[in-house]
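**Student:** Sharing a structure, written as structure tokens. Questions coming.
Throughout, read-outs are computed from the coordinates displayed, never taken from laboratory work. Because the structure is predicted, anything quoted here is derived from the model rather than measured. As a convention, Cβ positions derive from the backbone with ideal geometry for all residues, glycine included, and neighbour counts pool all protein chains shown.
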Amino acid sequence: MADQSISSHELIPKHKLLSKDDSEKMLAHYHASKMQIPKIKAKDPALAELGAKTGQIVEITRLDGSLYYRLVVA
């Protein structure tokens with residue numbers, strides 16, 4: 001069995017790191033602070049390829065097109 005990226009699995013939604021500017025725009029749009037959005041562990045397998053660091057925000061696009069945001073924590 002060949003090694004495959006976890007992100008290529010059909011049931012794993014698309015994960016994307018937001019830039020600092022995009023993070024600020026998203027937080028302003030929802031009138032929220034970083035601490036108010038749900039968290040995701042930096043060691044989450046879906047984040048391994050992104051190189052996500054604590055404090056960054058990840059945008060998750062589910063299979064139905066809906067968007068979710070998570071704050072990366074240690």
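**Student:** With respect to residue 18, is the statement that it is within 14 Å of residue 74 (Cα to Cα) and either of a type outside the set (Val, Ile, Thr) or over 11 Å from the mean Cα position of the chain (by Cα) (or both) true?
**Tutor:** Criteria not met by residue 18.
**Student:** Sort out which residues of the stretch 38-74 are of a type in the set (S, T, N, Q), farther than 18 Å from residue 12 by Cβ and surrounded by 11 or more Cβ atoms within 10 Å (Cβ to Cβ), and write them in order of number.
**Tutor:** Listed by number, the list holds a single entry, 56.
**Student:** Return the residues of the stretch 21-37 that are of a type outside the set (A, V, I, L, M) and surrounded by 10 or more Cβ atoms within 10 Å (Cβ to Cβ); say none if nothing qualifies.
**Tutor:** The answer is 22, 23, 24, 25, 30, 34, 36.
**Student:** Something else about it: Output the residue which, of all residues in the stretch 11-34 that are of a type outside the set (A, V, I, L, M, F, W, C) and part of a loop (DSSP other than H, G, I, E, B), is nearest to residue 67 (Cα to Cα).
**Tutor:** Checking each candidate, the answer is 13.
**Student:** Name the residues in the stretch 28-56 that are over 20 Å from residue 6 (Cβ atoms), among the aliphatic types (A, V, I, L, M) and in contact (Cβ under 8 Å) with a residue 12 or more places away in the chain, would you?
**Tutor:** Listed by number, the residues that qualify are 35, 37.
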